[in-house]
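The structure appears below as structure tokens.
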Amino acid sequence: MAEQLYDIIIVGGGPAGLSAAYSAWQNGAKKILVLERDREAGGILQQCIHNGFGLHHFKEELTGPGYAQRCYDLVKDKPEVEILVDTMVLSVNPDKSVTAVNPKKGLIKVQGKTIILTMGCRERTRGAIRIPGYRPAGIFTAGAAQRMVNMEGYLPGKKIVILGSGDIGLIMARRMSLEGCKVQAVLEICPFSNGLTRNMVQCLYDYNIPLYLSHTITAIHGKDRVNGITAAKVDDHMKPIPGTEFEIDCDTLLLSVGLIPENELSRGLGLEMHPLTNGPIVDQHRETSIPGIFAAGNVVHVHDLVDFVSEEAEIAGKFAAIKAMGQLSDSVADVKIDAIDQVRTCVPQHARATAEGETIRLFMRVRTPMKKARLTVKSGKEVLLTKVLPVAKPSEMIAVNISADKAKGHYDEWTVSVKEEEA
């Protein structure tokens, strides 16, 4: 089992992995290996045949496969970048060694100077939300149904109920309608939608699909095949309210109830994890708690736009390359970044400040929808940034830059706050 040495080993060949590889190449890395478990690079985008991707990153509207191809085209002819598909990574070790298995090469072990984790995320299943009832056929995650329809050419059913208003669920409501199916309802346990505004309009309102906010499913009916569900309104604590139950006929239930960063390898490494993002804690370079191991994209925190995934991966690729070449300057302070008030999560969670300062990009999500909210970033009592947001929604990432001039010399703990402005 020969062991090869690479400047950077990237685990995951989706948009994050490919973007990280291109950025690493741009920043001088000479030997880059991308390991992808699927039969082709591009990740989940290959099954997302709708458009709406790339408006920020490539400045044009693309389909999911189109976006994936753009990312692949950037690295496919670079001799410094090697991509191994159909390769399952078994373990990543703190010494930057990686063990994987490939049907042609067998068991392989490679050594990196740095590692970038870009494994993406997976969907929550029925087991994660504990809906009572039998286990009949006809229950799918929205992503599994999307692959079934768009790539395999099969319809999961004809009469559909969707639980959860995440973006994949909304897009599948439209997709199933276009295939001639009847989408009976979309149920959402929160009092607000968890999808992008454009998807709410284009996928539900344009097709007159009913949306029940503050509702959930309390029972699934049918023994061999789903034949209906019982829905109920929920209270402020998301508990079903007795007496509000009603039944909906259906032969298929699609679950769009959230995404979980794919972090088994991260936990096996012993990385410090964040309890709310369910991803590794990172600094502004996307370096984790183990020096030389970086992470980016949905494996760190779930994004709403793939454009932001690529942007974050480019940061990881750049600094992994600089680290591999031994040129990453030492920090003069490690500054904690706290999310407070209506900010639920903020990435990075800390910044390794340098004497000269550098621009730091913050990605955050709010707890509840707000209109005309003020975002404030402080170091101690000094305001580094303040900005009025016309709208802030939990489903939509907020990204801001703290300029190098503002960041320089501010080594006190930072706080990131969003508060609704008084009318």
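FRET efficiency for the pair residue 107 and residue 422, taken as 1/(1 + (r/R0)^6) with r the Cβ-Cβ distance and R0 = 51 Å, rounds to 0.25. Residue 135 sits among other residues whose Cβ lies under 12 Å from its own Cβ, and their net charge, with Lys and Arg +1 and Asp and Glu -1, is +2. Take the Cα of residue 213, step 7 Å toward its Cβ, do the same at residue 152, and the gap between the two points is 3.5 nm.
Along region 384-392 the Karplus relation, 6.51 cos²θ - 1.76 cosθ + 1.60 evaluated at θ = phi - 60°, assigns HN-Hα couplings of 8, 7, 9, 7, 8, 9, x, 9, 10 Hz to successive residues, with x for each Gly and Pro. Each of residue 411 and residue 129 was given a label point 7 Å from its Cα along the Cα-to-Cβ line. The distance between the two points is 4.8 nm. Comparing 271, 207, 120 along the charge dipole axis of the chain, the residue lying farthest to the positive side is 207, per the Cβ-charge model. Each of the peptides 10-22, 313-325, 236-248, 203-215 was scored by the mean count of other Cβ atoms within 10 Å over its residues; in descending order, highest first, they stand as 10-22, 313-325, 203-215, 236-248. Note that region 166-183 has calculated 3J(HN,Hα) couplings of x, 4, 5, x, 5, 5, 6, 4, 5, 4, 5, 5, 5, 7, x, 7, 9, 8 Hz, one per residue in order, obtained from phi through the Karplus relation 6.51 cos²θ - 1.76 cosθ + 1.60 (θ = phi - 60°); glycine and proline are x. Subtracting the Cα-Cα distance of residue 223 and residue 90 from their residue separation scaled by 0.36 nm leaves 44.1 nm.
Simple rule: put +1 on each Lys or Arg Cβ and -1 on each Asp or Glu Cβ in the chain, find the dipole, and look at 383, 132, 331; the Cα lying farthest toward the positive end is 132. For region 284-423, just say rounded, prolate or oblate: build the C-alpha gyration tensor, square-root its eigenvalues into a ≥ b ≥ c, call rounded for a/c under 1.5, and beyond that prolate if a/b exceeds b/c, oblate if not. It is oblate, given that a/c is not under 1.5 and a/b is not larger than b/c. Here is how the number arises for the chain: DSSP H runs of 4 or more residues each give -39500 (n - 2.57), the sum is divided by the residue count, and the result at 222 nm is -5000 deg cm²/dmol. Placing +1 on each Lys and Arg Cβ and -1 on each Asp and Glu Cβ, with no other charges, gives the chain a dipole about its Cα centre of roughly 520 debye.
Other residues within the sphere of radius under 10 Å centred on the Cβ of residue 158, judged by their own Cβ, net out at 0 (K and R +1, D and E -1). Dividing the convex hull volume of the alpha carbon atoms of the chain by its residue count gives 155 Å³ per residue. For an R0 of 30 angstrom, estimate the FRET efficiency from the Cβ-Cβ distance between residue 55 and residue 78 and round to the nearest 0.05. Efficiency, from the Cβ-Cβ distance: 0.70. Which residues among region 305-332 fall inside the zone where the amide N is under 16 Å from a point 7 Å beyond the Cα of residue 399, along Cα→Cβ? Answer for this model: 305-319.
Residues within the reach of a label modelled at residue 178 (point 7 angstrom out along Cα to beta-carbon, backbone nitrogen below 18 Å), restricted to region 205-246, are 205-209. In this simple spin-label model, placing a label point 7 Å from the Cα along the Cα-to-Cβ direction at both residue 272 and residue 97 gives a separation of 2.7 nm.
Bear in mind these aren't lab numbers, they're just calculated from the coordinates by the rules spelled out. Since this is a predicted model, take the numbers as computed values, not measurements. Backbone-built Cβ (ideal geometry, glycine too); neighbour counts: all protein chains shown.
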